[in-house]
Amino acid sequence: MGERTVIALGGNAISPASGAGTAGEQTANVWRTMVQVADLVAEGRTELVLTHGNGPQVGNVLIKNELARDVVPPVPLDWCVAQTQATLGFTIANTLVHELGLRGHHQPVVPVISRVLVDRDDRAFGAPSKPIGPYLDDDAEVARRQAEGLDFVRVGDRGWRRVVPSPQPRASLDRAAVELLLDHGAIVVANGGGGIPVVDDHDGPMHGIEAVIDKDLAGGLLAAEIGAAVFAILTDVAGVAIGFGTPDQRWLTDVTLAELREHQAAGEFTVGSMGPKVDAACRYVERTGGLAVIATLDAAVAAVHGTAGTRVRP
Ligand code: ADP
Ligand code: MG
């Protein structure tokens, strides 16, 4: 087969809101997905890059930041992303290597701590929109943190939630490392959690910035940059629906780029969940002419074969 494939795994599927979020539980969820990934690799899809969400995981690091702020200095958001890339990358590598071994297949799996360049002039910095961390109901605490420069939005009666800018990913800065590893026969985990957002002020090393890049957009960017033939986004629903959640709901199977853009313009896809997946799929197909698939995690193998989920073609 020898085709490069990029698979994006949903963070919510790894640590669902309904679960306890323990390391053991997250490992079991990752492992279940790696069973399917190993099947794909064993059948010949060896040029593989995995990426993953990290929303629930970063949320937990932020809670620790707050609870321990008088004991150890809170870490910035770029450090939070780097930490979750490491723990999820380790968990993916550890379970995937095991599953590959069971199939008599020996291929290194290498997590890459990856940075993604964003533009300091990105409009997103003027309009923080990405909710992160826990819901807060203490108005005084929210006021204190607003005074420290953080932004919050009120989410119905669930309380306040911090919002950060979600700028566009411009370039996967560790792409050369990813390609080097692929060329030498490794499976790579990269751009996890959308990548560590960094800006280049041309005054020394690039620096991390308080922002969150959408993981589907960062995964799609990397898929285009490395010329992947397939970009699969695996999540907790069967694919892309029209009239989602209404009596007229209809799952899309095969769609063209133009059709999907039309549905998007008609407001079918929720901002922050299905919206960025559709956007990521469209941008990737536009740039490469490849196949983008949005499907449920449980159908990973069929999704990559283009026989499950929503398939997007030029
Ligand atoms: P992930 O963690 O995989 O990124 P998200 O929660 O961000 O998952 O996005 C998947 C969710 O998008 C689904 O669980 C579903 O509730 C929601 N969604 C919103 N609009 C649609 C739509 N038109 N079709 C399918 N799912 C949709
Ligand atoms: Mg998401």
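Restricting to the range 58-104, and then to whatever is small (Gly, Ala, Ser) and closer than 18 Å to Leu48 by Cα, can you tell me which residue is farthest from the chain's Cα centre (by Cα)?
Among residues in the range 58-104 that are small (Gly, Ala, Ser) and closer than 18 Å to Leu48 by Cα, the one farthest from the chain's Cα centre (by Cα) is Gly104.
Would you call Glu262 assigned to a helix (DSSP H, G or I) and among the acidic types (Asp, Glu)?
For Glu262, the condition - assigned to a helix (DSSP H, G or I) and among the acidic types (Asp, Glu) - is met.
If you go through the range 80-93 one residue at a time, do you hit one that is free of Cβ contacts under 8 Å to residues at least 12 places away in the same chain, away from ligand 1 (no atom under 16 Å from the Cβ), in contact with a Leu (Cβ under 9 Å, 6 or more places away or on another chain) and under 21 Å from Leu136 (Cα atoms)?
No, the range 80-93 contains no residue that is free of Cβ contacts under 8 Å to residues at least 12 places away in the same chain, away from ligand 1 (no atom under 16 Å from the Cβ), in contact with a Leu (Cβ under 9 Å, 6 or more places away or on another chain) and under 21 Å from Leu136 (Cα atoms).
Given (1) surrounded by 13 or more Cβ atoms within 10 Å (Cβ to Cβ); (2) among the hydrophobic types (A, V, I, L, M, F, W, C); (3) over 17 Å from the mean Cα position of the chain (by Cα), identify the lone condition not met by Leu173.
Here Leu173 meets the rest and fails (3).
Can you confirm whether Gln85 is assigned to a helix (DSSP H, G or I) and modelled with pLDDT under 95?
no
Checking the conditions here, which among Thr307, Thr288 is without any contact (Cβ under 8 Å) to a residue 24 or more places away in the chain and either surrounded by 19 or more Cβ atoms within 10 Å (Cβ to Cβ) or closer than 20 Å to Thr46 by Cα (or both)?
Every option except Thr307 fails the conditions.
Could you say whether any residue in the range 104-116 is surrounded by 13 or more Cβ atoms within 10 Å (Cβ to Cβ) and touching a His at 6+ places or on another chain (Cβ under 9 Å)?
Yes - at least one qualifying residue is present in the range 104-116.
Report, by residue number, each residue of the range 235-288 that is of a type in the set (D, E, K, R), more than 13 Å from ligand 1 (Cβ to nearest atom) and in contact with a helix residue (DSSP H, G or I) (Cβ under 7 Å, 6 or more places away or on another chain).
If the condition is that a residue be of a type in the set (D, E, K, R), more than 13 Å from ligand 1 (Cβ to nearest atom) and in contact with a helix residue (DSSP H, G or I) (Cβ under 7 Å, 6 or more places away or on another chain), then Arg261, Arg283, Glu286, Arg287 are the ones that fit.
Determine the pairs where a residue that is among the aromatic types (Phe, Trp, Tyr), located within the range 258-280, has a partner that is in a helix (DSSP H, G or I) with Cβ atoms under 8 Å apart, the partner being 6 or more residues away or on another chain.
Cβ pairs passing all conditions: Phe269/His263; Phe269/Gly275; Phe269/Lys277; Phe269/Val278.
With respect to Glu3, determine if the residue is loosely packed, with under 15 Cβ neighbours inside 10 Å, at pLDDT 90 or above and within 30 Å of Gly185 (Cβ to Cβ).
No; evaluated as a whole, the condition is false for this residue.
Please work out which one of (1) assigned to a helix (DSSP H, G or I); (2) within 19 Å of Ala295 (Cα to Cα) is the condition Leu234 fails and give its number.
(1)
With a cut-off of at least 1 residues that are at pLDDT 95 or above, name the strands (runs of 3 or more DSSP E) lying wholly within the range 91-160.
109-111, 115-117, 151-155
When you check Asp203 against the structure, is it exposed (fewer than 13 other Cβ atoms within 10 Å of the Cβ) and more than 16 Å from ligand 2 (Cβ to nearest atom), yes or no?
yes
Answer with yes or no whether Gly19 is farther than 20 Å from His98 by Cβ, among the small types (Gly, Ala, Ser) and in contact with a Gly (Cβ under 9 Å, 6 or more places away or on another chain).
no
If you check Ala295, Ala232, which single one turns out to be within 16 Å of ligand 2 (Cβ to nearest atom), farther than 29 Å from Ala176 by Cβ and buried (at least 19 other Cβ atoms within 10 Å of the Cβ)?
Ala295
Suppose we keep only residues that are polar (S, T, N, Q) and in a helix (DSSP H, G or I) within the range 1-33. Which one would you say is nearest to ligand 1 (Cβ to nearest atom)?
Filtering first and then ranking leaves Asn12.
Look through the range 247-278, keep the residues that are of a type in the set (Ser, Thr, Tyr) and within 12 Å of ligand 2 (Cβ to nearest atom), and return whichever of them is farthest from Ala218 (Cα to Cα).
This residue is Thr270.
(1) within 16 Å of ligand 1 (Cβ to nearest atom); (2) of a type outside the set (A, V, I, L, M, F, W, C); (3) out of contact with any helix residue (DSSP H, G or I) (no Cβ under 9 Å at 6 or more places or on another chain); (4) closer than 18 Å to Leu96 by Cα: which one isn't true of Gln36, the others all being true?
Going through (1) within 16 Å of ligand 1 (Cβ to nearest atom); (2) of a type outside the set (A, V, I, L, M, F, W, C); (3) out of contact with any helix residue (DSSP H, G or I) (no Cβ under 9 Å at 6 or more places or on another chain); (4) closer than 18 Å to Leu96 by Cα one by one, Gln36 breaks only (3).
Determine which member of the set Gly204, Gly220, Gly227, Gly185 is under 14 Å from Ala292 (Cα atoms), at pLDDT 95 or above and part of a loop (DSSP other than H, G, I, E, B).
On inspection, the qualifying residue turns out to be Gly227.
The values are calculated or read from the model by the stated rules, or taken from the named source; none is laboratory data. Remember, predicted model here, so these are calculated numbers, not experimental data. Positions of Cβ are generated from backbone atoms using ideal geometry, with glycine treated the same way; all protein chains shown enter the neighbour counts.
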